[in-house]
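Q: If you scroll down you'll find the structure; I have some questions about it.
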Amino acid sequence: MYISELFAVICYFFLLTLIAIYSYKRHLTATDFIIGSRSLNYWLTALAAHASDMSSWLFMGYPATIFVAGLFNAWAAIGLILFMFLNWQLIAPKLRTTTEEYNSLTLSSFFESRLADTSGLIRVFTATMSIVFYTIYISAGLVGLGILLEVLFQIPYSWGIFMGISIVVPYVFVGGYLTLAWIDLFQGIFLMLVIVATPLFLLNKLGGWDHLFQVVHAKNLSLSLFPDFSFHSILQIIYMVFGWGLGYFGQPHIITKFMGIRDVKEMKKSQYIGMSWMILSISASTLVGLVGILYFQQGLEDPQQLFILMVRDSFAPFFVGFILCGVLAATINAMSAQVLVLSSNISEDFYKRLIRKTASSKERLVVARIGIILVGFLAFFIAYAKISTIYSLVMYAWSGLGCSFGPLILLCLYWKKTNKYGAWAGILTGGITAAIWPYFNAKIPSMIPGFFMGLIAIYAISKLTQNKIPPSTLQEI
């Protein structure tokens with residue numbers, strides 16, 4: 001059984017390796033490696049932005065919340081869809097044009113140029129926040145891979161996460177931005193087909209919707225988005241929608257994909273393709289959680305395993321391996337995009353800015369690849385400790401990034417009076433609030449206070465210090 005499953009996985013990764021090797025010669029400079037020389041078409045941009053967003057959260061973390069608490073938790077997904085749409089509308093086209101004007105390869109370098117910060121502090125602050133929260137984010141992906149390999153092949157968890165990092169690091173190391181975009185396109189289509197087809201097949205096999213309704217009712221779970229209209233329920237909806245959705249404005253591994261499109265006029269086409277993919281995939285992920293309620297009527301010790309266990313028990317071994325490559329695809333897409341962002345921070349925002357300002361493009365490329373290895377193994381040790389669930393780790397990192405970067409990106413693009421003092425205040429206020437809030441108040445998502453406190457800090461401090469520094473020449477559009 002294990003041999004057939006393993007053979008399917010090997011075939012899948014052999015194909016990915018061929019893509020990475022083929023594209024190696026196309027990454028000759030740091031600009032090629034970090035942003036693909038802004039050469040992506042609208043299909044690549046759409047799937048790169050969306051597929052790099054969805055990690056093992058799509059197959060494991062999110063369905064587990066539906067399995068445990070019913071359809072009410074789908075408000076988190078609705079929040080993500082709504083705010084990703086706003087991301088395409090408000091951030092994508094303006095960021096693409098302005099980063100090209102400033103010749104910025106990373107968000108940190110964009111902030112430095114946009115805010116005329118000659119001290120380098122903005123660049124260092126933002127790059128530091130990226131490293132802290134993305135390392136946690138990457139560890140969440142490793143936890144998912146560790147669980148998958150443990151359940152599928154009986155591989156010890158520690159070896160599973162080591163294998164996970166051993167998969168991700170080499171092909172990001174070899175490939176780069178354009179390679180990941182092509183892999184995102186391939187894996188995005190593949191994982192969408194897997195996550196749509198699997199629950200529909202299992203639902204039909206288990207007796208259809210009528211049987212599902214009966215089981216859900218018997219377990220006292222709700223299939224309604226509005227189980228009641230009490231103040232508590234409305235508050236919970238707000239928490240889920242904004243607690244997840246606001247984060248989209250500040251996720252560098254997603255937002256940098258907007259920067260790589262060849263022609264900003266094609267952004268609308270990318271939006272239509274990407275949003276269609278997202279709605280189908282998240283709706284199917286919700287159905288995975290519901291089918292899990294029907295499949296595991298006696299409950300499940302670890303709900304994060306429900307998709308893996310349903311597939312393993314319902315399909316022939318080769319197809320089990322093939323289908324579960326969808327989980328690997330989702331996890332690796334996100335981890336690879338995050339590792340690439342961090343390697344870019346290390347080479348552009350630390351090495352070039354602080355250590356060697358005259359570093360050549362090829363020298364920075366070497367540093368970026370070394371950074372990939374360092375970040376990968378730091379994330380490995382966090383995952384090894386297994387301090388939390390996939391859902392919780394992703395939520396923590398997502399909130400930290402959203403609060404650190406989201407308010408600043410919005411105001412840099414839409415308010416010309418934003419200055420470096422306000423930016424420092426906003427980054428620290430938002431990032432620190434997101435980091436410590438869960439330890440003081442677990443009921444209110446840290447995204448909500450962190451995002452708005454960061455926004456207020458940028459506005460207030462920029463106003464108070466407006467006479468100390470001339471406003472940027474960037475005009476409101």
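Q: For segment 405-463, what is the relative contact order in percent, using Cα pairs closer than 8 Å and at least 6 residues apart in sequence?
A: Computed over segment 405-463, the figure is 49 percent.
Q: If contacts are Cα pairs under 8 angstrom and at least 6 residues apart, what is the relative contact order of segment 334-477 in percent?
A: It rounds to 23 percent for segment 334-477.
Q: Let me ask another. For residue 82 and residue 197, calculate 0.36 nm times their separation in residues minus their Cα-Cα distance, and state this gained length in nm to one decimal.
A: 39.0 nm
Q: Given N residues in segment 278-339, what is Rg(Cα) / (2.2 N^0.38 Å)?
A: Ratio of Cα Rg to 2.2 N^0.38 Å: 1.23.
Q: Still on this structure, please answer the following. Classify segment 176-244: rounded, prolate or oblate, from the alpha-carbon gyration tensor (a ≥ b ≥ c, eigenvalue square roots; a/c under 1.5 rounded; otherwise prolate if a/b is larger than b/c)?
A: Note, shape of segment 176-244 comes out oblate.
Q: Another one. Going by Cα centres, segment 72-113 and segment 216-258 are how many Å apart?
A: 20 Å
Q: Need one number: nm distance between label points at residue 119 and residue 103, each 7 Å from Cα along Cα→Cβ, rounded to one decimal.
A: With each label placed 7 Å out from Cα toward Cβ, I get 2.6 nm.
Q: Over the chain, give the accessible area per residue in Å² for a 1.4 Å probe, as an integer.
A: Computed with neighbouring chains in place, this is 39 Å² per residue.
Q: Roughly how large, in nm² to one decimal, is the mean projection of the convex hull of the alpha-carbon atoms in segment 381-422?
A: Taking a quarter of the hull surface, the average projection is 4.2 nm².
Q: What is the distance in Å between the Cα centroid of segment 335-363 and that of segment 366-445?
A: What the calculation gives is 18 Å, centre to centre.
Q: Need one number: nm distance between label points at residue 4 and residue 276, each 7 Å from Cα along Cα→Cβ, rounded to one decimal.
A: 3.5 nm
Q: Taking all protein chains as present, what is the carbon and sulfur share of the accessible area of segment 216-340, in % to the nearest whole number, probe 1.4 Å?
A: Working: 2920 of 4600 Å².
Roughly 63 percent of what the probe reaches on segment 216-340 is carbon or sulfur.
Q: Sort 136-142, 219-225, 95-101 by packing, meaning the average of other beta carbons within 10 Å per residue, with the highest value first. Please list the in-between numbers first.
A: Values: 136-142: 28.3, 219-225: 13.0, 95-101: 17.4.
In descending order of packing, they fall as 136-142, 95-101, 219-225.
Q: Something else now. With labels modelled as points extended 7 Å from the Cα through the Cβ direction, what inter-label distance (nm, one decimal) is found for residue 318 paired with residue 17?
A: Going by the 7 Å Cα→Cβ label model, 2.0 nm.
Q: Now, a different point. Would you kindly compute the Cα radius of gyration of segment 72-145 and its largest Cα-Cα separation (Dmax), both in Å?
A: Radius of gyration, then largest Cα-Cα span, for segment 72-145: 16.1, 49 Å.
Q: By how many degrees, 0 to 90 and rounded to 10, does the Cα axis of helix 390-414 deviate from the longest principal axis of the chain?
A: With rounding to tens, the tilt is 30 degrees.
Q: Return the calculated 222 nm mean residue ellipticity for the chain, to the nearest 500 deg cm²/dmol, obtained by summing -39500 (n - 2.57) across DSSP H runs with n ≥ 4 and dividing by the residue count.
A: -24000 deg cm²/dmol
Q: Over all alpha-carbon pairs of segment 298-369, lay out the pair-distance distribution in 10 Å bins, whole %, shortest bin first.
A: Spelled out per bin, shortest first, that is 17, 27, 18, 16, 16, 5, 0.
Q: Applying the Karplus parametrisation 6.51 cos²θ - 1.76 cosθ + 1.60 with θ = phi - 60° to the phi angles of segment 213-228, what ³J(HN,Hα) value in whole Hz is obtained for each residue in order, glycine and proline being reported as x?
A: Going residue by residue, I get 4, 5, 5, 4, 5, 5, 8, 6, 9, 9, 9, 10, 6, 10, x, 7 Hz, with x marking Gly and Pro.
Q: By the gyration tensor of its Cα atoms, with a ≥ b ≥ c the square roots of the eigenvalues, what is the shape of segment 185-288: rounded for a/c under 1.5, prolate for a/b over b/c, or oblate?
A: oblate
Q: Under the classification rounded if a/c is under 1.5, otherwise prolate if a/b is larger than b/c and oblate if not, where does segment 324-477 fall, given a ≥ b ≥ c as square roots of the Cα gyration tensor eigenvalues? Don't jump to the answer; show the numbers that get you there.
A: Details: a/c = 2.24, a/b = 1.21, b/c = 1.84.
Cα axes put segment 324-477 in the oblate bin.
Q: Can you pull the percent of Cα pairs in the chain with separation above 34 Å?
A: Details: 35246 of 113526 pairs.
Roughly 31 percent, rounded to a whole number.
Q: Give me the lysines in straight-line cross-link reach of residue 269: C-alpha distance below 23 Å, same-chain residues under 8 apart excluded.
A: Within the straight-line cut-off, residue 269 pairs with 94, 257.
Q: So how tilted is helix 231-245 from the main axis of the chain? Cα-based, degrees 0 to 90, rounded to 10.
A: It is inclined by approximately 60 degrees.
Q: Oh, and also: Figure the gain on full extension for residue 238 and residue 211 (residue separation times 0.36 nm, minus the Cα-Cα span) and round it to one decimal in nm.
A: 6.6 nm
Q: Expressed as a whole percentage, what fraction of the accessible surface of segment 404-462 belongs to carbon and sulfur atoms when a 1.4 Å probe is rolled over the protein heavy atoms? Provide the component values of the computation, followed by the final result.
A: Values: 1770 of 2360 Å².
Here it works out to 75 percent.
The values are calculated or read from the model by the stated rules, or taken from the named source; none is laboratory data. Note that the structure is a prediction, hence the values are computed from the model and not measured. Note that we place each Cβ from the backbone using ideal geometry, even for glycine, and neighbour counts take in every protein chain shown. Please note that ligands, DNA and RNA were not included when accessible areas were found on the heavy atoms of the full protein model with its side chains. Shrake-Rupley method; radii C 1.70, N 1.55, O 1.52, S 1.80 Å.
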